[in-house]
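Heads up, the thing below is written out as structure tokens.
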Amino acid sequence: MSQTCCNRLFRGEAWACFLLRMWIGMRLMFAGLTKWKGTNEETGAIEFKPEYGEGVKQGIIDQMAASTPLPKTMIEQYATFLPWALLGVGIWIIVGLFSRLALLSAGALILSLSLGLMLLPEDIEATFRGIEILVIALALVTVKHNILAVDNLIDLAIGGDRGGDNDKEQPRRQKD
């Protein structure tokens, strides 16, 4: 690793991106897992299995169908897809592969949740999704400093260390 890469590692922007990515990834991953949370009847231990999610899924379907103009078949499909999407996108962000696309996917997923929540009579939860959108937007702003991800390892393996946008090693303009 060159001196430039090490300098980039100690920048605050790199750590800001890493911390934002980890928070967003964990938030989405655990939001997906909690849809499948249940208690094992034999041991009494808490487990996460897709089978446990039927009650949560039905609650989402019932509430949305009763309170919004969305078609019930669309709500059912979304409620089935939602835990898998939250889990998958969360892991994708934590790993840091194609980070911009992963963060954009997270933003789209949270935006879709917001749409449904805004249609409910009490839409305070939509405000919280708005805060999550802001965090994702901040992560997208810092993603150019994303060196603690699989993206960076691939970049180093393929193209070498090209430095960041603010590196001092960039060619200087010639004076006329």
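The values are calculated or read from the model by the stated rules, or taken from the named source; none is laboratory data. Fair warning: this is a prediction, and the values are worked out from it, not measured in the lab. With ideal geometry, Cβ positions are generated from the backbone for all residues, glycine too; neighbour counts draw on all protein chains shown. Ligands, DNA and RNA are stripped out before the accessible areas are found, and what is left, the full protein with its side chains, is counted by its heavy atoms. Shrake-Rupley method; radii C 1.70, N 1.55, O 1.52, S 1.80 Å.
Looking for whichever is open to solvent by 30 Å² or more (accessible area, probe 1.4 Å), closer than 16 Å to Arg21 by Cα, without any contact (Cβ under 8 Å) to a residue 40 or more places away in the chain and out of contact with any strand residue (DSSP E or B) (no Cβ under 6 Å at 6 or more places or on another chain) here; the options are Leu97, Leu117, Leu111, Leu101. Which one fits?
One residue alone meets the criteria, Leu101.
Just a yes or no: is a residue in the range 37-57 of a type in the set (Asp, Glu), within 26 Å of Ile133 (Cα to Cα), assigned to a helix (DSSP H, G or I) and modelled with pLDDT under 90?
no
Considering the range 68-83 alone, what residues qualify as being open to solvent by 50 Å² or more (accessible area, probe 1.4 Å) and either farther than 21 Å from Leu28 by Cβ or acidic (Asp, Glu) (or both)?
Pro69, Pro71, Lys72, Thr73, Met74, Glu76
Please state which one of Glu13, Glu42, Glu54 is charged (D, E, K, R) and exposed (fewer than 11 other Cβ atoms within 10 Å of the Cβ).
After applying the criteria, what remains is Glu42.
Is there any pair linking a residue in the range 36-63 that is within 20 Å of Leu117 (Cα to Cα) to one that is among the β-branched types (Val, Ile, Thr), with Cβ under 6 Å and at least six apart or on different chains, and which?
That search, which allows pairs on different chains as well, returns Ile61/Ile75.
Among (1) under 23 Å from Thr142 (Cα atoms); (2) crowded, with 18+ Cβ neighbours inside 10 Å; (3) at pLDDT 90 or above, which single condition is Gly88 missing?
(2)
Can you confirm whether Thr39 is out of contact with any Gly (no Cβ under 7 Å at 6 or more places or on another chain) and closer than 30 Å to Val143 by Cβ?
Criteria not met by Thr39.
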